[in-house]
There are 2 protein chains.
Amino acid sequence: MTSLRFNVLSDVAGFLSSLPTADANSVEAARARQMQLTKPPGSLGRLEDLAIFMAGWQGCERPEINAAQALVFAGNHGVCAQGVNPFPQEVTAQMVANFQHGGAAINQLCSANGADLSVIALELETPTADFTRGPAMTEAECLEALTRGADAVDSSADVLVLGEMGIGNSTISAALCAALFGGSASDWVGPGTGSDDAGIALKARVVSDGMTRHGVGTPMEILAALGGREQAALCGAVLQARAYGIPVILDGFICTAAVAPLFATEPAFLDHCLVAHMSTEPGHQRLLEALGKDPILSLGMRLGEGSGAAVALGVLRSALACHGGMATFAEAGVSGA
Amino acid sequence: MTSLRFNVLSDVAGFLSSLPTADANSVEAARARQMQLTKPPGSLGRLEDLAIFMAGWQGCERPEINAAQALVFAGNHGVCAQGVNPFPQEVTAQMVANFQHGGAAINQLCSANGADLSVIALELETPTADFTRGPAMTEAECLEALTRGADAVDSSADVLVLGEMGIGNSTISAALCAALFGGSASDWVGPGTGSDDAGIALKARVVSDGMTRHGVGTPMEILAALGGREQAALCGAVLQARAYGIPVILDGFICTAAVAPLFATEPAFLDHCLVAHMSTEPGHQRLLEALGKDPILSLGMRLGEGSGAAVALGVLRSALACHGGMATFAEAGVSGA
């Protein structure tokens with residue numbers, strides 16, 4: 001088990017060589033087991049793929065989820081000064097309090113799907129800088145948030161559910177995507193928590209400003225210049241989970257965009273990550289195509305908080321229940337095809 | 001609470017006037033509650049719709065699932081004499097034994113998602129007649145199966161998960177759909193448990209034969225002539241659940257096709273039914289369009305047994321957990337938009 005340390009952003013690319021990959025023997029054993037279970041081969045569809053994926057990362061034929069950790073990172077964003085969000089910025093701290101008191105969607109969904117939730121508020125009283133004026137974070141601030149994210153991961157978890165909260169962070173996400181994957185600002189912005197057409201047009205202008213100012217650099221430099229603390233923390237958590245060999249369930253548009261700098265640094269950084277659901281935020285489909293990820297669910301959700309990831313955890317539990325608990329044709333005395 | 005009695009098939013259409021409808025006041029109260037919960041309105045997508053749907057059928061603002069019943073009906077089909085299935089017909093009974101011993105997918109999925117499973121085997125040793133030769137069932141046989149289905153429903157269940165098992169029943173389903181909704185046999189047949197191209201072509205010829213012989217009549221007469229005992233039992237269970245005011249989760253292609261005769265009799269018969277998932281069986285999308293039903297999941301599943309419905313039950317539990325457990329803006333002291 002490796003505890004990652006983030007000293008300079010340019011180190012991140014070099015981590016890959018020291019990180020574990022999926023265990024090919026366990027993948028093969030799980031695939032062979034699926035062929036013997038009492039069902040037509042392939043008939044459980046995505047549930048079979050999920051069980052085989054988990055086998056690879058847990059390094060065993062029959063993976064289990066005994067401990068599921070959910071982490072929600074919260075941050076505030078200087079770009080809110082541009083008026084990009086219909087909710088006031090105080091809502092970030094208010095919602096963190098709501099998480100802590102058990103009243104938010106993610107609390108109910110973690111309880112319903114068996115995840116242990118922790119909420120990490122990242123200096124909410126000190127928003128990042130407005131990226132239309134200067135870099136959102138210094139390198140030191142970005143490294144600090146990466147470390148906070150990494151340190152939050154429990155090495156004993158069997159799976160990690162990730163989410164975020166931060167008023168203004170659909171604008172942050174659009175800026176990251178546009179800078180990392182190209183396209184115009186308007187290709188990536190959307191209504192977020194509820195912007196109208198004028199609000200979306202404003203978000204596109206703000207994102208364009210940010211790209212003009214900070215649209216070049218390494219992906220991790222772009223994360224510092226355009227991202228926020230919760231985005232950096234999510235990157236840190238994804239890297240640390242990988243170091244521990246823990247598979248990850250990413251939530252929707254904002255959570256997936258947050259870790260896009262890792263993908264842009266090196267696509268294999270996200271090999272241990274599932275994407276929970278297709279958000280209705282219009283940039284998400286484009287982003288998932290860029291990442292080559294197929295979401296598990298498509299429920300018209302657009303809340304964030306890790307809400308879609310917690311629902312997908314339930315589907316993952318169903319997948320492992322079948323894989324681990326079903327009888328084989330031989331055990332059950334059922335004739336094959 | 002009404003226990004339905006099936007004396008003649010032509011009675012079925014007349015049941016509608018005595019069956020409950022969703023409670024409009026509870027729907028309105030649940031919708032108003034969703035607007036007050038600490039999230040942007042609509043941001044939980046389908047989870048909000050599911051909670052409001054359940055409120056209507058349970059007749060309360062905050063519906064709950066304390067008891068979930070799962071019923072799997074199994075039957076055998078004379079049309080298997082035409083060689084339409086790659087698995088031998090004995091597999092139906094072998095799989096019923098597997099269900100009873102806890103070794104099938106549906107056992108694991110009911111356990112993972114909290115449903116109490118019962119399996120009802122319907123005269124497996126006496127398959128229905130081969131519909132290319134004569135009617136699959138007499139009216140008396142069809143009525144008997146309807147009654148078996150109705151009698152299996154537990155009046156105290158909060159939700160009913162439905163599934164089926166029966167070698168040959170993807171052919172039965174295609175025949176029912178073609179006769180009820182039109183189109184050619186090849187519009188509705190597919191690989192089922194694993195037919196190759198030649199097998200699918202054979203299924204289409206067999207379905208055409210059945211339509212030529214039995215393609216006219218009332219929908220319930222078509223059920224008797226082309227369907228099987230598990231299809232009739234599923235119709236009986238859906239009607240009985242409606243009489244008890246219990247919402248239903250239908251599984252995939254075969255389960256949905258089984259109750260299509262009710263829809264064709266009167267579309268409102270299925271108002272209390274959700275469709276769990278989009279099967280990969282190609283006829284399912286066409287069938288869902290005909291029924292105007294939007295599946296909850298699309299996981300590439302094609303097993304039957306109620307497997308997709310049991311996974312969808314987990315999503316439904318998540319929906320109700322949010323609806324019932326979240327704080328309102330006022331309770332949490334969170335600022336609205």
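A short reminder: the numbers here are calculations on the coordinates, not readings from a lab. Only a predicted model underlies this, so the values are computations on that prediction, with no experimental measurement involved. Every residue, glycine among them, receives a Cβ derived from its backbone with ideal geometry; neighbour counts consider all protein chains shown.
Charges only on Cβ, +1 for Lys and Arg, -1 for Asp and Glu: so what's the dipole of the range A:1-116 about the Cα centre, in debye to the nearest 20?
Numbers: 6 positive and 9 negative charges, 35 e Å.
That gives a dipole near 180 debye.
Using a 10 angstrom cutoff on alpha carbons, build the Gaussian network for chain B and name the most mobile of B:D209, B:D251, B:D197.
Highest fluctuation among the options: B:D197.
Given 25 °C and 0.890 mPa s, compute D for the range A:278-337 with the Stokes-Einstein relation, Rh being the Kirkwood radius over Cα pairs; round to the nearest whole µm²/s. Please list the in-between numbers first.
Details: Rh = 14.2 Å.
The Stokes-Einstein estimate is 173 µm²/s.
Zone of B:S18 (label point 7 Å along Cα→Cβ, backbone N under 20 Å): which residues in the range B:218-238?
B:220-221, B:233-238, by backbone N distance to the label point.
Within a 10 angstrom radius of each residue's Cβ in B:313-320, how many Cβ atoms of other chains show up on average? Whole number is fine. Provide the component values of the computation, followed by the final result.
Details: counts 2, 8, 8, 0, 6, 12, 5, 2.
Per residue, the number of nearby Cβ atoms from other chains is 5 on average.
Among B:V207, B:V159, rank each residue by its count of other Cβ atoms within 10 Å, from fewest to most, as a rough exposure measure. List each step's numbers first, then the result.
On the way: B:V207 31, B:V159 27.
In increasing order of surrounding Cβ atoms, one gets B:V159, B:V207.
Dipole size in debye (nearest 20) for the protein assembly as shown around its Cα centre, Lys and Arg Cβ +1, Asp and Glu Cβ -1?
Details: 34 positive and 66 negative charges, 85 e Å.
The calculated dipole for the protein assembly as shown is roughly 400 debye.
Given the peptides A:12-24, A:91-103, arrange them by the average over their residues of other C-beta atoms within 10 Å, most packed first.
Working: A:12-24: 14.7, A:91-103: 19.8.
Ranked by mean Cβ neighbours within 10 Å, highest first: A:91-103, A:12-24.
Just the C-alpha atoms of the range A:81-168: what Rg/Rh do they give, with Rh taken as the Kirkwood radius? Mind dumping the intermediate values first?
Details: Rg = 15.1 Å, Rh = 15.0 Å.
Checking Rg against Rh, the ratio lands at 1.00.
Which value results when the Cα radius of gyration for chain B is divided by 2.2 N^0.38 Å?
Values: Rg = 19.9 Å, N = 337, 2.2 N^0.38 = 20.1 Å.
Normalised by 2.2 N^0.38 Å, the Cα Rg of chain B equals 0.99.
Which distances, in nm and shortest first, link the B:D11 label point to the same label point in every other copy, taking 7 Å along Cα→Cβ?
In ascending order, 7.8 nm.
Using only the alpha carbon atoms of the range A:209-256, find the Kirkwood hydrodynamic radius as the inverse mean reciprocal pair distance, in angstroms to one decimal.
Values: mean 1/r = 0.0833 Å⁻¹.
This gives a value of 12.0 Å.
Could you tell me which residue out of A:I246, B:T256, B:C322 lies farthest along the dipole of the protein assembly as shown toward its positive end? Charges go on the beta carbon: Lys and Arg +1, Asp and Glu -1, centred on the Cα centre.
Highest projection toward the positive end goes to B:T256.
Taking the rotation that carries B onto A, look along its axis and tell me which residue of B has the beta carbon nearest to it, distance in whole angstrom.
For the rotation taking chain B to chain A, the closest Cβ gives B:G314, 2.
Restricting the count to DSSP beta bridges whose residues both fall in the range A:66-318, what percent are antiparallel, rounded to a multiple of 5? Present the calculation step by step, with values, prior to reporting the outcome.
On the way: 0 of 19 bridges.
For the range A:66-318, the DSSP antiparallel bridge percentage is about 0.
Can you give me the convex hull volume of the Cα atoms of the protein assembly as shown, divided per residue and expressed in Å³?
On the way: hull volume 93.9 nm³, N = 674.
Once divided by residue count, the hull of the protein assembly as shown is 139 Å³.
What gaps in nm, shortest first, separate A:G292 from its twins in the other copies when you place the label 7 Å past Cα toward the beta carbon?
Distances between equivalent label points, in nm: 4.4.
Defining a contact as two alpha carbons under 8 Å apart and six or more residues distant in sequence, what relative contact order in percent does chain A show? Intermediate results must be reported in sequence, preceding the final value.
Numbers: 701 pairs, mean separation 85.0, N = 337.
Across chain A, relative contact order equals 25 percent.
If the label for A:C60 sits 7 angstrom from Cα along the Cα-to-Cβ line, what are its distances to the same label in every other copy, in nm to one decimal, shortest first?
4.0
Please find, in a Gaussian network model of chain A (springs between Cα atoms separated by less than 10 Å), the residue of A:A224, A:A241, A:A201 whose mean-square fluctuation is greatest.
The residue that fluctuates most here is A:A201.
Run the Debye formula on the Cα coordinates of the range A:151-190, all scatterers equal and no solvent, and tell me log10 I(q)/I(0) at q = 0.29, 0.31, 0.34 1/Å.
-0.92, -1.00, -1.11
Calculate, in nm to one decimal, what A:Q100 and A:E28 gain on full extension: separation in residues at 0.36 nm each, minus their alpha carbon distance. Walk me through the numbers before you get to the answer.
Details: separation 72, 0.36 × 72 = 25.92 nm, distance 4.20 nm.
Value of the extension gain: 21.7 nm.
Got a sec? Charge dipole of the protein assembly as shown, +1 on Cβ for Lys and Arg, -1 for Asp and Glu; which of A:M95, A:G75, A:L291 is way out at the positive end?
A:L291
Taking N as the number of residues in the range B:204-337, what is its Cα Rg relative to 2.2 N^0.38 Å? Display every interim value, and only then the final one.
Numbers: Rg = 18.3 Å, N = 134, 2.2 N^0.38 = 14.1 Å.
For the range B:204-337, the normalised Cα radius of gyration is 1.30.
Counting each pair of different Cα atoms once, what's the Kirkwood radius of the range B:263-312 in Å, rounded to one decimal?
Values: mean 1/r = 0.0879 Å⁻¹.
Final number for the Kirkwood radius of the range B:263-312 is 11.4 Å.
Compare A:G304, A:G245, A:G324 in a GNM of chain A, Cα atoms joined below 10 Å, and give the one with the largest fluctuation.
Looking only at A:G304, A:G245, A:G324, the largest GNM fluctuation is found for A:G324.
Tell me which residues come under 5 Å, amide H to amide H, from B:D116 once H is placed; ignore anything under 5 positions away on its chain.
B:A68, B:Q69, B:A70
Please list the equivalent ellipsoid semi-axes of the range B:188-271, computed as the square roots of five times the alpha-carbon gyration tensor eigenvalues, in descending order and whole angstrom.
Details: eigenvalues 138, 51, 17 Å².
In descending order, the three semi-axes are 26, 16, 9 Å.
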